[in-house]
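Beneath this line is the structure, given in structure tokens, with notes to follow.
The values are calculated or read from the model by the stated rules, or taken from the named source; none is laboratory data. All values derive from a computational prediction rather than experimental measurement. Counting neighbours? That spans all protein chains shown, and the Cβs are built from the backbone with ideal geometry, glycine included.
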Amino acid sequence: MLRSPALKGVTTHPCKACEIATSHDAMIEPVADLSPESLALFDRVIDVRSPAEFAEDHIPGAINLPVLSNEERAEVGTIYVQDSRFRARRIGAAHIARNVARHLETALAGEPAKFRPLLYCWRGGMRSNAMATILSAIGWRVGVVEGGYRTWRRLVVGALIESDAPLALVRIDGETGAGKTAVLAALARRGVRVIDLEALANHKGSVFGETPGETQPPQKLFESGLFDALRRAGAAPIAVEAESAHIGRITLPRRFWKAMIASPRIALSAPIEARADAILRSYADFIAVPGLVAASVERLRPFHPKERVEDWLALAAAGDWRTLVLSLMREHYDPLYVRGRRRGPAAIATLKSDRLEADDIERAAGAIEELLTAGRGSPR
């Protein structure tokens, strides 16, 4: 305690604000480890970059609380390059202070005293550290990713593109409509390690694979999701649905594609009538969108005679979906499947179903689980 010489008998205390200021550094923790175990130590992973940067790619599970909007980031960057670095920093700091205040009053308003967030920006610089300083002043212990988003991206590129280490995958293959996606989901329910590539890509893989009313993720965001799924899947084998090198606009990364085409293959087979029924169930939302089927059929023109494509378009216009599906399988998808499998290794097992109803799917999943348990799905 201090006694003021000007006010005898009045006791004053050291400035609490000064005590808080000196404790900021202890409340901000640099984080280099981005493993699932490390990320799980934090209550939230917060991407403080602009919404446009976040949309292109981010750490899976992160939320976006931008300290600069898209427009503010562009404004500050322009001033920094064309006018004055000092003025850019001053204007940027004002924007950041206002935006962080808004987040504290909205998205972060209900967080408790022991809340522990992990922040990152583009390279672990001004944006993440500015927000960390404010949050730490509240009393929250804040992690800041060293190197920011670039650290995460290096992990993804290293694992999926630059590495040549093998991946232990097992392909669930089969004719169009044979129930591959449904069997993969049934395997996941049984606790088998699976990665649903079509779910990650938001696309069913064919020219008819678009999800109505939705868009595919950017390539980088898909790669982040795939990398995260691989590292969380743990030990091999990991079941995946056989895909081409492209799922809609998404390209499978080099390491994953090489591992997949070299992996053991389990084939599913069913009568064409049963497969047509399954496709009509699976693509009901797609068929319901006017003009979407016809637009997809148009993409097949380079591969088929004009008369055949016109017949398919006429069937679509008439709403004769079953006849269209049967014709597409006979004339396009089944021959494509046969040609593709001639070049690859034989299947380690072929599982046949008569109907592709729920019990058929579960039987197929059970048989695949037994194969994997017995070690027949292990890469050689």
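Only residues that are surrounded by fewer than 12 Cβ atoms within 10 Å (Cβ to Cβ), acidic (Asp, Glu) and either modelled with pLDDT of 95 or more or in a helix (DSSP H, G or I) (or both): list them for segment 341-369, please.
The one that is surrounded by fewer than 12 Cβ atoms within 10 Å (Cβ to Cβ), acidic (Asp, Glu) and either modelled with pLDDT of 95 or more or in a helix (DSSP H, G or I) (or both): 359.
Here segment 206-244 is the region considered, the condition is being at pLDDT 95 or above and of a type in the set (Gly, Ala, Ser), and the residue that is nearest to residue 37 (Cα to Cα) is 229.
Scanning segment 135-165 for residues that are farther than 14 Å from residue 29 by Cβ and among the acidic types (Asp, Glu) yields a total of 2.
Total residues in segment 32-65 satisfying the condition of being assigned to a helix (DSSP H, G or I), without any contact (Cβ under 8 Å) to a residue 24 or more places away in the chain and acidic (Asp, Glu): the figure is 1. Listed by position, the helices (runs of 4 or more DSSP H) inside segment 141-204 whose residues that are in contact (Cβ under 8 Å) with a residue 24 or more places away in the chain and closer than 27 Å to residue 124 by Cβ number at least 3 are 149-157.
Please identify the pairs in which a residue from segment 324-340 that is over 19 Å from residue 287 (Cβ atoms) has its Cβ atom under 7 Å from the Cβ atom of a residue that is outside any helix (DSSP H, G or I) and among the hydrophobic types (A, V, I, L, M, F, W, C), counting only partners at least 6 apart or on another chain. Between residues of segment 324-340 that are over 19 Å from residue 287 (Cβ atoms) and residues that are outside any helix (DSSP H, G or I) and among the hydrophobic types (A, V, I, L, M, F, W, C), there is no close pair. When residue 79 is tested against (1) in contact with a helix residue (DSSP H, G or I) (Cβ under 7 Å, 6 or more places away or on another chain); (2) assigned to a loop (DSSP other than H, G, I, E, B), exactly one condition is not met: (2). Considering segment 251-328, the qualifying helices (runs of 4 or more DSSP H), each wholly inside and each with 3 or more residues that are buried (at least 16 other Cβ atoms within 10 Å of the Cβ), run over 254-261, 272-282, 292-298, 306-318, 321-328.
For segment 160-198, give me the residue count where each residue is more than 18 Å from residue 223 (Cβ to Cβ), among the charged types (D, E, K, R) and surrounded by 15 or more Cβ atoms within 10 Å (Cβ to Cβ). Total satisfying the criteria: 5.
Regarding segment 326-344, can at least one residue be identified that is polar (S, T, N, Q) and over 27 Å from residue 245 (Cα atoms)? There is no residue in segment 326-344 that is polar (S, T, N, Q) and over 27 Å from residue 245 (Cα atoms).
Scanning segment 207-263 for residues that are closer than 24 Å to residue 178 by Cα and small (Gly, Ala, Ser) gives 209, 239, 242, 244, 245, 248, 259, 262, 263.
Quick check: is even one residue across segment 227-237 buried (at least 20 other Cβ atoms within 10 Å of the Cβ) and at positive phi? No: zero hits.
Do you know which residues across segment 131-140 are surrounded by 20 or more Cβ atoms within 10 Å (Cβ to Cβ) and assigned to a helix (DSSP H, G or I)? 131, 132, 135, 136 - these are the residues of segment 131-140 that are surrounded by 20 or more Cβ atoms within 10 Å (Cβ to Cβ) and assigned to a helix (DSSP H, G or I).
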